[in-house]
Amino acid sequence: QYVAVGSGNGDVFLFRSGDGSRVWRAFAEGQARKIVWSADDQYLYAGSGDGRLYKLRASDGSAAWATAPTIWACPFTYGLALSPDGNRIAAGVKTGWLTVISATTGAVEWTFDMGGTVTWVDWSPDGNYLAAGGGGSESTSLFTRDGARLWRNVNFTQAGRFSQDGRYVMAQGGGRLTFYALDGEIVGDIQTSISGGGQFAYLTNAGNRIV
């Protein structure tokens, strides 16, 4: 029914998908590169360049809450992810901070300094693990939902995600696709034709093709 759009100057818009008419406009104080919908479509989460994360009501664009500048910068395209149960939202930003926030209250639950740009975050399907990667000294890393780091690999990655069954983490960077088991063991490594690194990586639901 609706399409949410973030802009470089901080505006967040909601449009009707049928005719493109604007429903509302909200201002997030800094560029909004990534927007995430709640599962019930009642709220939108927008990371902003002012270092805040906003929870906006889909009905009118008003803020249910806005954090203090605790996420430090705007998340990249894959830098914002809502947990499967909708209780937590993770933000990774170019300053290197990974932050997990309560989706209910906006309170920070835990943070971790990844040592450099965080380009992607992804929750496991059961919500027990959070994977994150980028260009920092801690990339790529796997955490428990409570913030304990389980392992890291220092290879730079630009995009990543869990497999549908939650048993593996796929990370793409530098022309390679690497598959990690939950214990950090590399179980697959594919050289691609991408030069200089790609911007996205997708795994089909069947798990038999990678884009």
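The numbered conditions (1) of a type in the set (Gly, Ala, Ser); (2) outside any strand (DSSP E or B); (3) modelled with pLDDT of 95 or more are all true for Ser137 except (3).
A single entry from Ala64, Ala46 fulfils the requirement of being open to solvent by 10 Å² or more (accessible area, probe 1.4 Å) and under 26 Å from Asp146 (Cβ atoms): Ala64.
Once the stretch 114-131 is narrowed to residues that are buried (at least 20 other Cβ atoms within 10 Å of the Cβ) and more than 16 Å from Pro84 (Cβ to Cβ), the residue that is nearest to the chain's Cα centre (by Cα) is Trp120. Out of curiosity, is Ala66 among the aliphatic types (A, V, I, L, M) and more than 20 Å from Asn128 (Cα to Cα)? Taking the combined requirement at face value, the residue satisfies it. Of all residue pairs spaced 6 or more apart or on separate chains, those with beta-carbon atoms under 7 Å, a first member in the stretch 3-16 that is closer than 16 Å to Gly49 by Cβ and a second member that is acidic (Asp, Glu) and open to solvent by 30 Å² or more (accessible area, probe 1.4 Å) are Gly10/Glu29. Within the stretch 19-33, the residues that satisfy the criterion of being open to solvent by 50 Å² or more (accessible area, probe 1.4 Å), in contact (Cβ under 8 Å) with a residue 24 or more places away in the chain and outside any strand (DSSP E or B) are Gln31, Arg33. The single condition among (1) without any contact (Cβ under 8 Å) to a residue 60 or more places away in the chain; (2) within 24 Å of Asp85 (Cβ to Cβ); (3) part of a strand (DSSP E or B) that Asp146 does not satisfy is (3). Is at least one residue of the stretch 73-84 surrounded by fewer than 17 Cβ atoms within 10 Å (Cβ to Cβ) and outside any strand (DSSP E or B)? Taking every residue of the stretch 73-84 in turn, at least one turns out to be surrounded by fewer than 17 Cβ atoms within 10 Å (Cβ to Cβ) and outside any strand (DSSP E or B).
The values are calculated or read from the model by the stated rules, or taken from the named source; none is laboratory data. These figures come from a predicted structure and were not determined experimentally. Every residue, glycine among them, receives a Cβ derived from its backbone with ideal geometry; neighbour counts consider all protein chains shown. Areas reflect the complete protein model, heavy atoms only, side chains present, ligands, DNA and RNA absent. Shrake-Rupley method; radii C 1.70, N 1.55, O 1.52, S 1.80 Å.
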